[in-house]
Amino acid sequence: MRVSVVGAGLGGLALAQGLRGAGIEADVYERDPGITARFQGYRLVLDPIGFQAVRACLPARWHALLDEIVMHASAEQMVLDPQLNEVGRLGAGRTGVVVDRQVLRHLLLTGLNVHTDAALTGYDVLDDGRARARFARRGPATADLLVGADGVASAVRGVLSPLTVPTDTGVRFVIGRTPLTEEFAALSRAYGSKIAGDGVSLMLGAMRFPTPPKQAAEQLAPEVALPDIGDYVRWAMILPPDGSAGDPTAQDAVLSRMEGWHPQLRALIEQADPDNSALLSIRVVEPSERWAPGPVTLLGDAAHATSPTGGNGANTALRDADLLRRGLIEAAGGRRDLVDAVGGYERQMFAYGAEAVRRSLAALPAFVPDPQRPGPA
Ligand SMILES: Cc1cc2nc3c(=O)[nH]c(=O)nc-3n(C[C@H](O)[C@H](O)[C@H](O)COP(=O)(O)OP(=O)(O)OC[C@H]3O[C@@H](n4cnc5c(N)ncnc54)[C@H](O)[C@@H]3O)c2cc1C
């Protein structure tokens, strides 16, 4: 069996790793010109299902390394004012582990056959039941199964399920990260919490590696090369509905809305790496249209993109990867027909994927600032 995976995000790479571990040929096709072509390094909270799924996709010999590069998620979520006084509670936080996306992606990439500069433009289902993917700047690739793991604007979905399109929630946010130094000690109670300002919300989350990732790989799995990064604070500001037009940089968009805030909060944004700060919009993909199972399927955000405020997009993508991996191993072993395995995966994925999108949208209002309500500052 040969599988083509389109998209080298967390979901596609986890699937390819899981198939490789089972001796199934899997090629990954990625649109970016190189693996490190763009910044990919924010922290993610993986719940027990997502963490177990990625673990199951990785060879057992890397499990010790995986455990060494994650930290436990804090369960405390407060609402603070811009001077860091507690003014409310957001409820129980997410349990699980915190992982850096860039670090996890490097672990997942190890040993895989990844073709970069390979943007899928379309595909054909051949008479023999296989799928032939077409790319912008390279020849086609034929496989028994084509998996669209190509994110929220999926080109595979554009052909397979043209009625399923992303919805823009209208919510914009700026995200960035700043090295975690002693200077920011007073901010520690704010990690995992929401700081409610005048028409904006700022979220902070710390990433503290038990062992620096590069060093952990050298000690525990020398064949894995992990990035040389240290502890940091991830910050994200949800903007008021007037967006950020007119702000010269993403950092300016944040700082201009933090007049009079606690000096360490302002310093945190001022000292952020400008290359790793970006303005993003929140788009979701609600899985609705079903198609007959065949040699093409979807995985992760391509099938069900959630709002990041739900914190479940990566978890669901990894769950997909593990579920599909298990079905394909059965098909490769002759215990199940391939189309039946794909259909079984899609039935479950549609149900929990739709639920994940619903939950993420339900969580959105708690993070979006109310422009009518003056902030506590
Ligand atoms: C700020 C932020 C915080 C988040 N926090 C969390 C969290 O705490 N927990 C959580 O579970 N989730 C979180 N998420 C969501 C999570 O990051 C995504 O749901 C997850 O990364 C989706 O993985 P994926 O593999 O489906 O897609 P992606 O990671 O988007 O990967 C898709 C890949 O496909 C490639 N591609 C696109 N088009 C093509 C094409 N035509 N041809 C070839 N390749 C293509 C892209 O370049 C990309 O590499 C967060 C998201 C954001 C933005």
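The values are calculated or read from the model by the stated rules, or taken from the named source; none is laboratory data. Quick caveat, the model's predicted, so the values are computed rather than measured. Glycine also receives a Cβ, built like all others from the backbone with ideal geometry; neighbour counts cover every protein chain displayed. Ligands, DNA and RNA are stripped out before the accessible areas are found, and what is left, the full protein with its side chains, is counted by its heavy atoms. Shrake-Rupley method; radii C 1.70, N 1.55, O 1.52, S 1.80 Å.
Inside segment 120-158, can you point out the residues that are closer than 26 Å to residue 17 by Cα and open to solvent by 70 Å² or more (accessible area, probe 1.4 Å)?
If the condition is that a residue be closer than 26 Å to residue 17 by Cα and open to solvent by 70 Å² or more (accessible area, probe 1.4 Å), then 121, 125, 130, 132, 134, 137, 138, 140 are the ones that fit.
If a residue has to be at pLDDT 95 or above, hydrophobic (A, V, I, L, M, F, W, C) and out of contact with any Pro (no Cβ under 8 Å at 6 or more places or on another chain) to count, how many in segment 350-367 make the cut?
Within segment 350-367, residues that are at pLDDT 95 or above, hydrophobic (A, V, I, L, M, F, W, C) and out of contact with any Pro (no Cβ under 8 Å at 6 or more places or on another chain) number 2.
What number of residues within segment 159-175 are out of contact with any Asp or Glu (no Cβ under 6 Å at 6 or more places or on another chain) and open to solvent by 50 Å² or more (accessible area, probe 1.4 Å)?
6
Please go through segment 261-290 and give me each residue that is open to solvent by 60 Å² or more (accessible area, probe 1.4 Å) and either under 19 Å from the mean Cα position of the chain (by Cα) or not small (Gly, Ala, Ser) (or both), ordered by number.
263, 270, 271, 274, 275, 279, 280, 283, 286, 290
Quick one: is residue 362 open to solvent by 30 Å² or more (accessible area, probe 1.4 Å), farther than 24 Å from residue 158 by Cα and within 14 Å of the ligand (Cβ to nearest atom)?
It is false that residue 362 is open to solvent by 30 Å² or more (accessible area, probe 1.4 Å), farther than 24 Å from residue 158 by Cα and within 14 Å of the ligand (Cβ to nearest atom).
Among the residues of segment 47-84, count how many are hydrophobic (A, V, I, L, M, F, W, C), farther than 13 Å from residue 108 by Cβ and open to solvent by less than 50 Å² (accessible area, probe 1.4 Å).
Residues flagged as hydrophobic (A, V, I, L, M, F, W, C), farther than 13 Å from residue 108 by Cβ and open to solvent by less than 50 Å² (accessible area, probe 1.4 Å) within segment 47-84 amount to 8.
Considering only segment 173-198, state which residues are out of contact with any helix residue (DSSP H, G or I) (no Cβ under 9 Å at 6 or more places or on another chain) and assigned to a strand (DSSP E or B).
179, 191, 196
Consider segment 104-118. How many of its residues are open to solvent by 20 Å² or more (accessible area, probe 1.4 Å) and touching a Phe, Trp or Tyr at 6+ places or on another chain (Cβ under 6 Å)?
Here the count works out to 1.
Give the residue, chosen from 59, 82, that is more than 20 Å from the chain's Cα centre (by Cα) and under 22 Å from residue 209 (Cβ atoms).
Answer to the check: 59.
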